[in-house]
Structure formats: C-alpha cells, structure tokens
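Working notes, beginning with the structure itself.
The values are calculated or read from the model by the stated rules, or taken from the named source; none is laboratory data. Please read all numbers here as calculations on a predicted model, not as lab measurements. Positions of Cβ are generated from backbone atoms using ideal geometry, with glycine treated the same way; all protein chains shown enter the neighbour counts. These area figures cover heavy atoms from the full protein model, side chains too; ligands, DNA and RNA do not enter into them. Shrake-Rupley method; radii C 1.70, N 1.55, O 1.52, S 1.80 Å.
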Amino acid sequence: MQILKFVGLVALIAVPAAGQAPVEARGDMDALLGPATRVDQGRGMTDELRAALAPGPEHDLLHRLLGVWKIEGIAGRDGAAVEQEAEFTSLFDGAWVRYELRESGEVIRVGHFGYDAFRGSYAMWEMGRGFTSPQVRAGRTNPDTHGIDFRRQYTIQVRGEERAIEELLAISFLSEARFRWVSRERVGDRSERLQKDVVFSRVQ
C-alpha cells in the first residue's frame, strides 16, 4: 500500500474489491488528524479538556458558516450545473457545526465541522446518499484565502489494481454573505481533476 504524506496528514482507507475478504478495521485518530498533545486526563472534565473544547478564533471561522445558504456552481466530471441549499447549525455550545445539504428539498448529505485544539487541526466528516462509509477530512487554515483547506486520502481497487486518491477541499470566504467551496482530486499519478466548484450565498 502506497502511503502519501502531506501537511502532516496521513489517512489510509483500504477498500476491498468485490469478493475480497474485508481488511481489519482500525480507528487511527493520529493517522487522520495527527498526534494529540499529552494531557493528564482523569475522571470528568479536566481544565485542559475545557480549554480544548471552548470556542476560540478557530471556531469563529467555522461559525461564519452558520445559517441557510443557496448553492450555485458546477460539479461532476461533466461540469453539470448545481442548484442546492445548505443549512449550518451550532452544536454543543459552538464546539461543532452541523450541516445538511439539500437538493429539491431532499437531504442528500449530512456533515460536521469541528476543531481539535489538542491536535491543532480542523476535523470534518460527511455521510450521504450513495456513501458506503463516512468521508473524513483534516484541515488547516489557509492565510491566502482566509479559509480552511481540508485534505483526505484513501485507496481504491480498480480492476484488481490498487490506486491512491488525494482530495483537497478548499473553503474560502468571499464576504460575510458568500463563500466558495472547491474540491479537487488526484487518482494515482493522473492529473488533478475538478470535482465541485460552487458558491454559497446567504439566504438567512
């Protein structure tokens, strides 16, 4: 298995081909988000945990997503037009942000955004229509776009050949009322391809 490393993120998800025995499942938080700062954790909520969960500047960036948004742009290999709606809500006193993606009034995707202060990394996961498992990403702020870049890596089997996939999801704020969501992926040594390029415009 080829291991890809970038921005301190190493995330491998082995997907067996049809008919193969499933691989051993491993929940490796360090591989997904990087090693955590050591903390003296005992029973109950420690001061370190309270501090790590308390909303700060990193959460303020996520809170800019809160609200209802109209989505317009393109997606897919054929660059089909996208017309969707999303709603972002706050969870656990602002520690997490949950979102629902809707198409023609139907929820097609649900996800969560958060910030792991122990690892200094944003965390994101999504599940939705047609997903066999959640998509998990780790992110860092991008000073050039004043947004967040999320990355994901996994492997697939294509006619018996294992291929590594890298994905970049970039969220950049255009104003208080608009932000851009662009995702690209690279399969093996092929050229990078656009998956989605849409703009969210605030409805409320």
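Points to keep in mind about this one:
- Here region 101-123 is the region considered, the condition is being closer than 21 Å to residue 202 by Cα and hydrophobic (A, V, I, L, M, F, W, C), and the residue that is most open to solvent (accessible area, probe 1.4 Å) is 107.
- Within region 37-63, residues that are at pLDDT 75 or above reach partners that are of a type outside the set (Val, Ile, Thr) with beta carbons closer than 6 Å, at six or more positions or on different chains, in the pairs 52/117; 52/118; 53/95; 55/94; 58/115; 59/94; 59/115; 62/113.
- In this structure, residue 131 qualifies as aromatic (Phe, Trp, Tyr) and not in a strand (DSSP E or B).
- When region 64-83 is filtered for residues that are closer than 18 Å to residue 113 by Cβ and free of Cβ contacts under 8 Å to residues at least 40 places away in the same chain, only 66 remains.
- Selection count where residues are over 15 Å from residue 178 (Cα atoms) and surrounded by fewer than 16 Cβ atoms within 10 Å (Cβ to Cβ), scope region 70-81: 7
- Filtering region 128-181 to residues that are exposed (fewer than 14 other Cβ atoms within 10 Å of the Cβ) and either touching a Pro at 6+ places or on another chain (Cβ under 6 Å) or among the hydrophobic types (A, V, I, L, M, F, W, C) (or both) leaves 131, 158, 177.
- Looking at 94, 67, just one residue is surrounded by 15 or more Cβ atoms within 10 Å (Cβ to Cβ) and modelled with pLDDT of 95 or more, and that residue is 67.
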